[in-house]
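Structure, as structure tokens:
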Amino acid sequence: MMESKKEELVSVIMPAYNCGDLIGVTLDSVIKQTYQNWEIIVVDDCSTDNTAEVVQEYMKKDNRIKYHKLEKNSGAAVARNKAVDLAAGKCMAFLDSDDVWFQEKLTKQIGFMEDNDYGFTCTSYTKIGEKGEHLNRTIVASPKRDYDGVLKTCPGNSTVIYDAEKLGKFKIPDIKKRNDYVLWLQVIKKEKYLYGIEEPLGSHRIRTEGISSNKKSLIGYHWKVYREIENLSLIKSSYLIAYWVVATAFKLR
């Protein structure tokens, strides 16, 4: 895979809430990127721990890291939207405050987009535990997905990049869970295809208290996405719920 020839500015969208124990590792994974023309937009959803102090220490050493605190606790969707508002990059890259990128992630993914004129991409990723231990699980990205493909299989949030210069900026409705899923469904309607890199270029951290850890509660949010936001039929929505339950049970996501 060819490397990126010109380093356009990439904005890293990072909502944060009570992640002071892990966000430093996440920030380090961006700082160590071989691709260096980036900015990180951390939007703090009124953390009650030391998240702000940790980020501010990093800001003293690297002016590419920017911090904004919401006036009140508002949820990940509001935090992501605010970060996108503040972002100045050609491309929007998404990284949760407890996940990590591999060192060549941006170089390879931006190069992949430039070489093929793709506006919407994701990568494969591995799963790690709360302390960073490897869980020997890899979620492999599909090479090409259309709208129905994204409905069935949501890409890993911390693997996605879209070209905001080409597609514009996208905002997501204020839904507590699965808001990243709704975002990708918006983008796919405009770009038509999501292209995937099969090589893992980052890790998703599994946390017991994470917002996605309660799978049962997510079923209701999936139903809301399908019926209220995407306006899908009862039959198609029921099929997608069943598909998601089976895929989750067999750890395909």
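No lab work stands behind these numbers, since they all come straight from the coordinates. Everything numeric in this text was worked out from a predicted model, so none of it was measured. We place every Cβ from the backbone using ideal geometry, glycine too, and count neighbours over all the protein chains shown.
By count of other Cβ within 10 Å, fewest leading, how are His134, His68 ordered? Mind dumping the intermediate values first?
Details: His134 10, His68 13.
With the fewest neighbours first, His134, His68 line up as His134, His68.
Cross-link reach is defined here as a Cα-Cα straight distance under 30 Å, omitting same-chain residues fewer than 8 places apart; for Lys72 the lysines meeting it are Lys60, Lys61, Lys82, Lys90, Lys131, Lys169, Lys171, Lys176, Lys177, Lys215, Lys216, Lys224.
Treat every Asp and Glu Cβ in the chain as -1 and every Lys and Arg Cβ as +1, leave all other atoms uncharged, and give the resulting dipole magnitude about the Cα centre to the nearest 20 debye. Display every interim value, and only then the final one.
Values: 38 positive and 35 negative charges, 176 e Å.
Dipole about the Cα centre, nearest 20: 840 debye.
If both residues of a DSSP beta bridge must be in the chain, then about 35% of such bridges are antiparallel. A run of the chain free of exposed loop cleavage sites, with GluC sites (Glu not before Pro) counted only in DSSP states other than H, G, I, E and B and at most 11 other beta carbons within 10 Å, reaches its longest extent at 134-208.
Give me Leu201, Leu9, Leu218 ranked fewest to most by other Cβ atoms within 10 Å of their Cβ, as a rough exposure proxy.
Going from sparsest to densest Cβ surroundings: Leu9, Leu218, Leu201.
At an R0 of 41 angstrom, the distance between the Cβ atoms of Glu53 and Ile235 translates into a FRET efficiency of 0.20. Which residue, Lys72, Lys152, Lys171, has the most motion in a Gaussian network model of the chain that connects Cα atoms within less than 10 Å? Sorting by GNM fluctuation, first place goes to Lys72.
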